[in-house]
Amino acid sequence: MPSQTPLSRLLSKEFTRALKIRVGSLASWPVRPLEWTGHTLGVECLSCSPDGTRVVTGSRDKTIRIWDVEAGAAVGEPLMGHEYMVTSVAYSPDGRYIISGSEDRTIRIWDAESGAVVSSPVEHDSLITSVAYSPDGRHFIFGSYDNTIRVWDAEAGTAVGSPLEGHTGTVSSVAYSPDGRRIISGSSSDETVRIWDAATGVAIGNPLKADEVSSVAYSPDGRRFASGSLNRTIRIWDAETGAAVGKPIEGHTDWVRSIVYSPNGRYIISASEDRTIRIWDADTGVLVGTPLKGHAGLVQCVVYSPDGRYIFSGGSDGEVRMWDAETGTPIGKPLEGHGGSLRAIAYSPDGRRIVSASNDSTTRMWDSETGDAVGPPLEGHTDQGISAAFSPDGLHVILGSYDGTIRMWDAKTGAPVGNPLLGHDSSVLSVAYSPNGRRIVSGSFDGTVRIWDAETGAAVGSPLKEHTGLVQSVAYSPDGRHISSGSTDCTIRTWDAETGAAVGEPIKRHTNWVRSIAYSPDGRHIISGCDDHNIRIWDAETGALVGNPLEGHSGLVHSVAYSPDGRYILSGSADCTIRIWSAETGAAVGSPIKGHSGWVESVSYSPDGRHIISGSGDHTIRIWDAEASTLGKPLEGHSNPVRSITHFITHSITHSPDAQDVHADLYAKTDVEGWVKDSTGALLYWVPNEYRTGLHTCALLTIPLTSNIRSVSLDFDDFAFGTSWTQISKSAPS
């Protein structure tokens with residue numbers, strides 16, 4: 001476990017002969033990248049549980065979802081019962097209940113643990129806009145389109161007193177003061193904020209003129225409150241006198257939808273239809289840092305975690321995002337930096353680097369762990385790159401370009417290697433290495449396929465000219481014996497990699513352009529993505545269609561890939577989504593992965609299958625958890641669309657420099673559950689999930705796990721294992 005955790009420090013004193021981490025130890029538990037998808041329509045509201053472990057969201061899709069903050073995953077099934085969109089949600093102060101208001105004119109109370117409905121819904125005569133619990137949890141209030149606020153007994157489910165009347169327009173937002181003695185309400189229609197005595201329901205003072213109020217919030221100490229407005233401003237008020245404090249806070253370029261104070265009262269955060277979240281100094285009104293960007297749609301709601309470490313936001317894109325409140329950086333943000341659409345992305349074989357090419361005519365290298373750009377852009381092409389690939393040994397990167405050439409770079413230094421590969425008469429649309437790294441194959445706008453000597457750059461044989469359209473995708477079979485190509489002539493062709501002769505008849509079952517092809521890891525199948533929005537699986541030997549087309553995308557399929565174990569198929573589409581499919585049944589696995597705001601032009605699995613990378617017309621590269629479909633940090637740097645991406649992996653196991661005399665029987669491997677075993681299958685030790693990353697031992701052997709995080713060095717000098725395992729503790733009997 002991480003070295004600076006209290007439990008780790010305690011156990012290290014007792015277990016003196018435990019396996020020690022010499023290099024690569026985590027200091028603390030890693031923050032999981034989070035971008036949560038599940039709602040099918042916009043997220044209208046959210047609330048954080050008092051202990052900070054859960055977030056509840058309400059959506060236009062009529063459902064409520066509960067999310068585990070640590071896992072970034074939905075907890076249970078959606079809470080269903082509302083007949084129209086959910087406009088407001090709130091946790092009770094003790095965290096036991098969730099209250100929700102809806103445009104179906106009802107308020108529902110749910111058990112926060114089980115998701116079960118608690119009692120009958122509270123029915124109202126008008127649409128509900130906002131709900132809030134009193135600090136002691138005994139009451140809740142709600143605002144409505146009927147211009148009133150109502151107070152309700154949370155336990156009895158009955159109205160308390162008469163409606164709070166005074167607004168002349170829809171009540172947009174309501175909130176209790178921290179001591180529970182006051183209620184504030186804002187209206188976007190009558191453009192006022194009102195203060196009420198929570199016990200008597202009597203208005204305190206005159207209405208505060210505040211423009212079109214969409215959201216109100218008290219500061220934690222109750223001395224001030226703030227209001228957000230559709231006129232793009234935020235105002236701060238003295239809670240006692242009702243006087244405005246300072247000038248309106250300006251900065252948003254569209255409606256402010258939601259505001260909230262940080263738990264320590266130092267900041268105000270705001271969510272806007274300008275697709276940004278902004279953090280403001282609560283005393284001065286000055287913007288803190290830069291706007292937080294990531295949502296592909298309007299940002300509708302925002303909330304702090306109770307400890308103030310995180311910000312959660314919900315948007316019309318149907319996503320919930322999590323941000324680091326201190327740095328303002330998204331936890332799970334895309335990698336940005338290109339100035340145009342990303343045309344190509346690729347992983348290095350060891351998973352530690354990503355290369356990307358954009359129509360801003362730049363090629364960039366990225367650190368896959370940090371998302372940081374590595375060195376300056378790779379230079380040489382005179383036009384935008386379209387397809388990229390790492391050599392199998394990870395030493396080189398190649399890129400095909402609209403300038404009709406293929407160029408090679410040193411993957412470590414970024415220096416050009418040799419001269420451009422010349423021969424195509426037009427744009428090079430696709431490139432790939434042979435499995436042994438000795439050959440390169442390319443497909444071009446000129447309708448040909450060419451094979452090249454990877455060492456010399458010389459063309460091998462004549463161009464392969466059977467296609468009648470431009471060649472959009474090429475791939476080597478896993479055994480290196482065949483090459484396949486997909487074309488705008490709607491066919492897939494297979495070639496003998498040694499002689500260049502056509503193998504069998506072309507596959508002609510597509511009704512539109514073939515955009516992308518890939519072999520299964522065992523070489524038995526070929527998959528193709530097409531402009532008809534579908535993916536098809538073919539028998540690589542016979543060319544026969546296997547099963548039915550994989551249907552689900554609503555746009556052309558730009559890119560397809562197999563998972564390293566061959567169990568899944570990945571696809572990226574012009575509908576801005578990524579989909580995962582079962583390679584065996586063709587069924588969709590989970591919901592579409594959403595996050596990009598532009599066409600998804602390239603997708604790939606990491607070598608270990610744990611992550612997915614995607615490049616898009618929104619100028620970003622995104623890294624996803626392949627199992628949970630949650631987002632990691634985006635790679636930012638291209639200024640145009642990313643069209644191609646690639647992954648790179650090393651399966652070798654080698655001795656460390658100081659282990660020259662170790663017998664080959666000590667070679668080991670790690671199974672999917674983290675156990676390291678020797679060649680006989682005997683258990684050596686178990687590796688926690690957070691350390692299953694590029695692991696190697698200093699005293700015994702090197703085990704490059706197929707990971708993209710970092711190197712971890714283990715010290716075996718005083719490790720008690722095998723029949724002596726009990727000696728790991730200093731208290732163990734001799």
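Treating only the Cβ of Lys, Arg, Asp and Glu as charged (+1, +1, -1, -1), what charge dipole size does the stretch 518-578 show about its Cα centre? Round to the nearest 20 debye.
Numbers: 3 positive and 8 negative charges, 21 e Å.
The calculated dipole for the stretch 518-578 is roughly 100 debye.
Neighbour counts of other Cβ atoms within 10 Å put S487, S189, S144, S434 in the fewest-to-most order S189, S434, S144, S487. Shown in residue order for the stretch 419-435 are the 3J(HN,Hα) couplings computed by the Karplus curve 6.51 cos²θ - 1.76 cosθ + 1.60 at θ = phi - 60°: 8, x, 7, 10, x, 6, 8, 7, 3, 8, 8, 7, 9, 7, 8, 6, x Hz (x for Gly and Pro). Pairs of C-alpha atoms in the stretch 545-592 farther apart than 14 Å represent 46 percent of all such pairs.
When every Cα-Cα distance of the stretch 335-646 is counted in 20 angstrom steps from zero, the calculated P(r) takes the values 39, 59, 2 percent.
For E498, what is the net charge nearby, where nearby means another residue's Cβ is under 11 Å from its Cβ and Lys, Arg count +1, Asp, Glu -1? Don't skip to the answer; put the middle values down first.
On the way: positive: R439, R481; negative: D496.
The answer is +1.
Dimensions of the stretch 447-565 based on its C-alpha atoms, expressed as ranges along the principal axes with the largest first, amount to 44, 31, 25 Å.
Can you give me the relative contact order of the stretch 132-212 as a percent, contacts being Cα pairs under 8 Å and 6 or more apart?
Computed value for the stretch 132-212: 22 percent relative contact order.
Amide H to amide H distances under 5 Å link V118 with I109, W110, D111, where only residues 5 or more positions off or on other chains count and H is placed in the peptide plane.
Working note: Karplus 6.51/-1.76/1.60 with θ = phi - 60° gives the stretch 113-125 the couplings 7, 9, x, 6, 6, 9, 6, 6, x, 7, 9, 10, 8 Hz, where Gly and Pro are set to x. Taking other C-beta atoms within 10 angstrom as a stand-in for reagent exposure, M322, M80, M85 fall in the order M80, M85, M322, fewest first. Rounded to the nearest Hz, the phi-derived 3J(HN,Hα) couplings of the stretch 279-293 under the Karplus curve 6.51 cos²θ - 1.76 cosθ + 1.60 (θ = phi - 60°) are 10, 10, 6, 5, 8, 9, x, 7, 5, 9, x, 9, x, 8, 10, where x marks glycine and proline. Translational diffusion of the stretch 35-163, estimated by Stokes-Einstein from the Kirkwood radius over alpha carbon pairs at 4 °C in a medium of 1.567 mPa s, is 90 µm² per second.
For D104, what is the net charge nearby, where nearby means another residue's Cβ is under 9 Å from its Cβ and Lys, Arg count +1, Asp, Glu -1? Present the calculation step by step, with values, prior to reporting the outcome.
Details: positive: K62, R105; negative: E83, E103.
Taking every Cβ under 9 Å from that of D104, the sum is 0.
The H on the amide N of L429, modeled in the peptide plane, is under 5 Å from the matching H of G443, S444, F445, each at least 5 residues off or on a different chain. Each principal axis of the Cα cloud of the stretch 356-405 was taken in turn, and the coordinate range along them, longest first, works out to 32, 24, 14 Å. Less than 5 angstrom separates the built amide H of S604 from those of I613, all sequence-distant by 5 or more or on a different chain.
Values quoted throughout were computed directly from the atomic coordinates according to the rules given, and no laboratory measurement underlies them. Owing to the predicted nature of the structure, the values given are computational and were not obtained by experimental measurement. Cβ sites come from the backbone with ideal geometry, for glycine too, and all protein chains shown count toward neighbours.
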